[in-house]
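Peer 1: I am attaching a structure below and will ask some questions about it afterwards.
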Amino acid sequence: MTRTTTIIIGGGQAGLAISRCLSEVGIEHVVLERGQLAQRWRSHSWDSLHLLTPNWMTRLPGFQYDGHDPDGFMSAHELIALLERYAISSGAPVLTDTAVQSVQRSANGFRVVTNRGIWSASSVVVATGYCDLPAVPAASRGAAPWLTQMVPAQYRRPEQLPDGGVLVVGASSTGVQLADEIQRSGRQVTLAVGRHTRLPRSYRGRDILWWLDQLGVLSQKADAVEDIERSRHQPSLQLVGRPDHASLDLGVLHDRGVRLVGRVSAIDGHRVRLADDLVATTAAADVKMAEILGRIDQFIARTGVAAAATEPFHPTWPLAVDTPVHLDLKAKRICTVVWATGYRRDYPWLHLPVLDARGEIAQQAGITAEPGLYVLGLNFQRRRNSSFIDGVGDDASMIAQEIVRSMARARVA
Ligand SMILES: Cc1cc2nc3c(=O)[nH]c(=O)nc-3n(C[C@H](O)[C@H](O)[C@H](O)COP(=O)(O)OP(=O)(O)OC[C@H]3O[C@@H](n4cnc5c(N)ncnc54)[C@H](O)[C@@H]3O)c2cc1C
């Protein structure tokens, strides 16, 4: 058995961020990664994937993007290279191809079993990612066996799909990007739209995320929102990172020929039942977007910050007038369903009483009820941007300080 002070599970941006913070305070640790460093970006990205956060938002502890294109959007490959450089410059002690199989309480902390040996430590940080597993609705089980079904982690490019039309389910960040790419490749895409968060790529001369950063929306604390569970389950932003900085919303997709329908509620063979909710969900997204743009306008008026002239607001809902409640996949020659319906987490190896009724790790700012066990990188964990590259560092630094404090307490006791 190998002993260290802290074991970090997961070698993505979260694991590397806390490794850097622990090194800075001189705490011995190891990062256990089941694949390669930044594995998620290697194996779960489609070929054209670029970050939707601008390069200037690529900030990690002790690192700030300083390339020639701060307003550009790096590709997944560029991000992998960047995280590799970050790990080297931090001297991160990463053990790759090392999958954690169980974490248990032991007399002096935790016993962590991996496929390559057993470790013990007084603290463990779970950094296995918010987007660990696809969340696919039960309706998928009713689909005819001749249909090809896939999740975004399996999608690479349009040419990989069988001939015929494509039903993309989910109109958040991933769903709108895949619908757009597949439609542009010459296939007919039908997009099933559920709850979504519409935002323009830029507004009044600045990137929308620059405004949200200025407003403090991204760094808003979990204890400052009314209903944190609702906020944690808010759909991701309908944004894409492209050199032309273009917006990608339902209006744009409609103009490109994508057929918009409501949420998928059931599938029986080749018959899909759709909710009659397209008008309601698009109207709700429009109201929310108008509210955010209004806040930006007020911020500009209040602070006098340089900005372009006010822009007119174009609502989506007139597009959603004729929405079917049934979709016959056979009749429409749709052979593929892509479930862009979000992510879930599963911790079958975590043998500690810290999971809530939904199977999520119960935590406050990353600290669990099990002394010495921490989690990092969850959605809206401590701040709205806790799962973002730009937000995880602040949480990592806080958890590192907490580990230092708990070690000091243990020494006194
Ligand atoms: C399609 C997509 C696009 C995104 N775009 C952006 C963006 O533009 N900007 C932004 O800021 N954020 C973006 N995100 C959100 C976030 O930055 C990513 O999800 C990011 O991967 C989270 O990093 P992480 O380190 O928390 O988790 P991950 O990158 O998921 O890393 C977790 C690591 O843990 C490892 N692991 C899991 N289980 C075990 C185990 N049992 N033993 C050992 N290792 C294990 C995994 O192999 C993985 O490498 C995006 C997310 C997705 C899904």
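Peer 1: With respect to the numbered conditions (1) more than 10 Å from the ligand (Cβ to nearest atom); (2) in contact (Cβ under 8 Å) with a residue 12 or more places away in the chain, which one is the sole condition not fulfilled by R405?
Peer 2: Status for R405: all satisfied but (2).
Peer 1: Could you give me the residue pairs with C-beta distances under 7 Å whose first residue belongs to the range 234-250 and is within 17 Å of A192 (Cα to Cα), whose second residue is outside any loop (DSSP other than H, G, I, E, B) and among the acidic types (D, E) wherever it lies, and which are 6+ apart or on separate chains?
Peer 2: Listed by first residue and then by second, the contacts come to L248/D180.
Peer 1: So the check is Cβ under 9 Å with 6+ separation or different chains; which pairs have a first residue in the range 44-61 that's within 14 Å of L212 (Cα to Cα) and of a type in the set (A, V, I, L, M, F, W, C) and a second one that's within 9 Å of the ligand (Cβ to nearest atom) and assigned to a loop (DSSP other than H, G, I, E, B)?
Peer 2: L52/F73; L52/S236; L52/L239; L52/G241; M57/L51; M57/N385; M57/F388
Peer 1: Could you say which residue among G11, G15 is buried (at least 18 other Cβ atoms within 10 Å of the Cβ), in a loop (DSSP other than H, G, I, E, B) and within 9 Å of the ligand (Cβ to nearest atom)?
Peer 2: Testing whether each residue is buried (at least 18 other Cβ atoms within 10 Å of the Cβ), in a loop (DSSP other than H, G, I, E, B) and within 9 Å of the ligand (Cβ to nearest atom) leaves just G11.
Peer 1: Quick one: is L378 modelled with pLDDT of 95 or more, under 30 Å from F73 (Cα atoms) and not in a helix (DSSP H, G or I)?
Peer 2: Yes.
Peer 1: Can you say whether P371 is assigned to a loop (DSSP other than H, G, I, E, B), more than 13 Å from the ligand (Cβ to nearest atom), under 18 Å from H29 (Cα atoms) and touching a residue at least 12 places away in the same chain (Cβ under 8 Å), as far as the supplied structure shows?
Peer 2: Against the criterion (assigned to a loop (DSSP other than H, G, I, E, B), more than 13 Å from the ligand (Cβ to nearest atom), under 18 Å from H29 (Cα atoms) and touching a residue at least 12 places away in the same chain (Cβ under 8 Å)), P371 qualifies.
Peer 1: Between V103, V136, which is outside any helix (DSSP H, G or I), under 25 Å from T174 (Cα atoms) and among the hydrophobic types (A, V, I, L, M, F, W, C)?
Peer 2: Details: V103 fails: under 25 Å from T174 (Cα atoms).
On inspection, the qualifying residue turns out to be V136.
Peer 1: Checking the condition more than 8 Å from the ligand (Cβ to nearest atom), within 23 Å of D180 (Cβ to Cβ) and more than 15 Å from the chain's Cα centre (by Cα), which residue from E78, E24 passes?
Peer 2: E78
Peer 1: Something else about it: Looking at (1) over 18 Å from the mean Cα position of the chain (by Cα); (2) within 10 Å of the ligand (Cβ to nearest atom); (3) surrounded by 16 or more Cβ atoms within 10 Å (Cβ to Cβ), which is the one condition that is false for G109?
Peer 2: All conditions pass for G109, except number (2).
Peer 1: I'd like the full set of residues that are out of contact with any helix residue (DSSP H, G or I) (no Cβ under 8 Å at 6 or more places or on another chain) and either under 20 Å from R344 (Cβ atoms) or part of a loop (DSSP other than H, G, I, E, B) (or both), limited to the range 218-230.
Peer 2: Within the range 218-230, Q220, E226, D227, E229, R230 meet the criteria.
Peer 1: In the range 260-281, what count of residues is obtained for those that are crowded, with 19+ Cβ neighbours inside 10 Å and in contact with a strand residue (DSSP E or B) (Cβ under 8 Å, 6 or more places away or on another chain)?
Peer 2: Number satisfying all stated conditions: 9.
Peer 1: Which one of R263, R256 is touching a Ser or Thr at 6+ places or on another chain (Cβ under 9 Å) and within 21 Å of D322 (Cα to Cα)? Break it down stepwise before answering.
Peer 2: Values: R256 fails: touching a Ser or Thr at 6+ places or on another chain (Cβ under 9 Å).
Testing whether each residue is touching a Ser or Thr at 6+ places or on another chain (Cβ under 9 Å) and within 21 Å of D322 (Cα to Cα) leaves just R263.
Peer 1: Here's something else I'd like to know. Might you check whether a residue that is assigned to a loop (DSSP other than H, G, I, E, B) and either within 16 Å of the ligand (Cβ to nearest atom) or within 18 Å of the chain's Cα centre (by Cα) (or both) occurs anywhere in the range 160-167?
Peer 2: The answer is no; no qualifying residue exists.
Peer 1: Here is a follow-up. Name the residues in the range 33-42 that are near the ligand (Cβ under 6 Å from one of its atoms), surrounded by fewer than 24 Cβ atoms within 10 Å (Cβ to Cβ) and not in a helix (DSSP H, G or I), would you?
Peer 2: Result: R34, G35.
Peer 1: Kindly establish whether R295 is over 16 Å from D249 (Cα atoms), of a type in the set (K, R) and part of a strand (DSSP E or B).
Peer 2: Values: over 16 Å from D249 (Cα atoms): yes; of a type in the set (K, R): yes; part of a strand (DSSP E or B): no.
No.
Peer 1: Which residues, counting only those in the range 315-350, are part of a loop (DSSP other than H, G, I, E, B), within 13 Å of the ligand (Cβ to nearest atom) and not polar (S, T, N, Q)? Quick ask: steps written out before the conclusion?
Peer 2: Of all residues in the range 315-350, those part of a loop (DSSP other than H, G, I, E, B) come to 315-316, 321-325, 329-333, 340-342, 345-349.
Now narrow it down to the ones that are within 13 Å of the ligand (Cβ to nearest atom): 340-342, 345-349.
Selection gives A340, G342, R345, D346, Y347, P348, W349.
Peer 1: Taking the range 238-291 as the region of interest, how many residues are polar (S, T, N, Q) and outside any strand (DSSP E or B)?
Peer 2: Number satisfying all stated conditions: 3.
Peer 1: Is it true that D255 is modelled with pLDDT under 95 and out of contact with any Asp or Glu (no Cβ under 7 Å at 6 or more places or on another chain)? Break it down stepwise before answering.
Peer 2: Details: modelled with pLDDT under 95: yes; out of contact with any Asp or Glu (no Cβ under 7 Å at 6 or more places or on another chain): yes.
The answer is yes for D255.
Peer 1: Working carefully through the options H77, H68, find the one that is in a helix (DSSP H, G or I) and either of a type outside the set (K, R) or surrounded by fewer than 19 Cβ atoms within 10 Å (Cβ to Cβ) (or both).
Peer 2: One residue alone meets the criteria, H77.
The values are calculated or read from the model by the stated rules, or taken from the named source; none is laboratory data. What you see is a predicted model, and the numbers here were worked out from it, not measured in a lab. When we count neighbours, we look across all protein chains shown, and the Cβ atoms used for this are built from the backbone with ideal geometry, even at glycine.
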